[in-house]
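Encoded as structure tokens, the structure appears first; notes follow it.
The values are calculated or read from the model by the stated rules, or taken from the named source; none is laboratory data. Owing to the predicted nature of the structure, the values given are computational and were not obtained by experimental measurement. FYI the Cβ positions are ideal-geometry reconstructions off the backbone, even for glycines, and counts take in every protein chain you see. Accessible surface is based on the protein model in full, side chains and every heavy atom, while ligands, DNA and RNA are left aside. Shrake-Rupley method; radii C 1.70, N 1.55, O 1.52, S 1.80 Å.
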Amino acid sequence: QVQLVESGGGLVQAGGSLRLSCAASGRTLLWSAMGWFRQAPGKEREFVATIDSTGGGTIYASSVKGRFTISRDNAKNTLYLQMNNLTPEDTAVYYCAASRSRFRSSSENQYDYWGQGTQVTVSS
């Protein structure tokens, strides 16, 4: 019933930009907080950014703050992550996630639905 489908990953040079999208399957998720997480090979999945159900509140990991922007278009059931000034340290599989709660959270265990992940590779 609930699916999250990501797109927009790829290869980009350091200093470049990329925008990820995550399309949700139904209107129910319009009332849910959503977030982005990432996982590099051999590392634990880490929080990137989250946004509340209305798009009015956001939280960013310190490593991406000022470079990444999370946003959502509830009319389209779509979550976005605009990534600017990318560095090789940003290389990872990026996952979108949705919570049954409308409140934003940086905690992975508070999310109920996950996308398949999309690879982002930043070359130096």
If we ask which residues in region 94-109 are touching a strand residue (DSSP E or B) at 6+ places or on another chain (Cβ under 8 Å) and exposed (fewer than 14 other Cβ atoms within 10 Å of the Cβ), their number turns out to be 1
Just name the residue that is surrounded by the most Cβ atoms within 10 Å (Cβ to Cβ) out of those in region 33-44 that are small (Gly, Ala, Ser) and within 15 Å of Tyr113 (Cα to Cα).
Gly35
Can you tell me which of Gly9, Gly42, Gly26, Gly15 is at pLDDT 90 or above and out of contact with any Leu (no Cβ under 9 Å at 6 or more places or on another chain)?
Gly42
Region 1-19 residues that are assigned to a strand (DSSP E or B), paired with ones that are among the polar types (S, T, N, Q) and at pLDDT 95 or above (beta carbon under 6 Å, 6 or more apart)
Glu6/Thr118; Ser7/Ser21; Leu11/Thr121; Gln13/Ser123; Arg19/Gln82
Residue count, region 65-76 (criterion: of a type in the set (Gly, Ala, Ser) and either surrounded by 16 or more Cβ atoms within 10 Å (Cβ to Cβ) or more than 25 Å from Val122 (Cα to Cα) (or both))
1
Can you find even one residue in region 45-64 that is surrounded by fewer than 16 Cβ atoms within 10 Å (Cβ to Cβ) and closer than 14 Å to Leu18 by Cβ?
no
Tell me which of these Leu86 doesn't satisfy, since it passes every other one: (1) modelled with pLDDT under 95; (2) part of a loop (DSSP other than H, G, I, E, B).
(1)
Output for Cβ contacts, cut-off 7 Å, separation at least six or different chains, first residue among the aromatic types (Phe, Trp, Tyr) in region 83-109, second in a loop (DSSP other than H, G, I, E, B), reads Tyr94/Gly9; Tyr94/Gly117; Tyr95/Gly115; Tyr95/Gly117; Phe103/Ala33; Phe103/Asp52
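Regarding Thr121, is this residue over 18 Å from Ala24 (Cα atoms), under 11 Å from the mean Cα position of the chain (by Cα), among the hydroxyl-bearing types (Ser, Thr, Tyr) and open to solvent by 40 Å² or more (accessible area, probe 1.4 Å)? Please lay out each step first, then the result.
Working: over 18 Å from Ala24 (Cα atoms): yes; under 11 Å from the mean Cα position of the chain (by Cα): no; among the hydroxyl-bearing types (Ser, Thr, Tyr): yes; open to solvent by 40 Å² or more (accessible area, probe 1.4 Å): yes.
Judged against the criteria, Thr121 is not a match.
Matching residues to (1) of a type in the set (Phe, Trp, Tyr); (2) assigned to a strand (DSSP E or B); (3) in contact with a Gly (Cβ under 8 Å, 6 or more places away or on another chain):
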{"residue": "Thr54", "(1), (2), (3)": "no, no, no"}
{"residue": "Ser62", "(1), (2), (3)": "no, no, no"}
{"residue": "Ser71", "(1), (2), (3)": "no, yes, yes"}
{"residue": "Tyr80", "(1), (2), (3)": "yes, yes, no"}
{"residue": "Val93", "(1), (2), (3)": "no, yes, yes"}
{"residue": "Ser101", "(1), (2), (3)": "no, no, no"}
Please state which one of Lys65, Lys43 is more than 20 Å from Ser105 (Cα to Cα) and among the basic types (Lys, Arg).
Lys43
Scanning region 77-93 residue by residue, those farther than 12 Å from Val48 by Cα and open to solvent by 50 Å² or more (accessible area, probe 1.4 Å) turn out to be Asn84, Asn85, Pro88, Glu89
